[in-house]
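The values are calculated or read from the model by the stated rules, or taken from the named source; none is laboratory data. Please read all numbers here as calculations on a predicted model, not as lab measurements. Using ideal geometry, Cβ is built from the backbone for each residue, glycine included, and neighbour counts are taken over all protein chains shown.
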Amino acid sequence: MIWDIQTFTFLIGLGGVAFTIYRTLQNPQIASDKKDALLAQRFDLQQAATERRFKDIQANFATLETQSQNHIQTVDTKVEVLTETVARMRNEIVKLQIIIEERIPKR
């Protein structure tokens, strides 16, 4: 077989067509793979951010629950102190009433 210019040009053209077809089929696949990878990465980041937000919310609820329990205990203690104070004042008022009734003669 003799290699002449026409055969050589034909082979180069055939190789160019094959390469063009390969690139035409390969480029969309590469672009699609990149897009899929970016979407997967974006989904993972959003999922991680959502999980972090939910953990923060749970921590805030736990803190609020602890604070509310502390406030309830404080209020209960203050109510007990007030109840004791009112009871002592009532006793003192009764004592004063008795003293006043004894000192002021009835007419």
Given the condition in a helix (DSSP H, G or I), loosely packed, with under 10 Cβ neighbours inside 10 Å and out of contact with any His (no Cβ under 8 Å at 6 or more places or on another chain), answer yes or no: does some residue in the range 1-11 qualify? yes
Here are some conditions: (1) exposed (fewer than 10 other Cβ atoms within 10 Å of the Cβ); (2) at pLDDT 95 or above. Residue 105 meets all but one. Which one does it not meet? (2)
Within the group 29, 69, which residue is of a type outside the set (Val, Ile, Thr), loosely packed, with under 10 Cβ neighbours inside 10 Å and in a helix (DSSP H, G or I)? 29
Can you tell me how many residues in the range 36-80 are of a type outside the set (A, V, I, L, M) and within 16 Å of the chain's Cα centre (by Cα)? 14
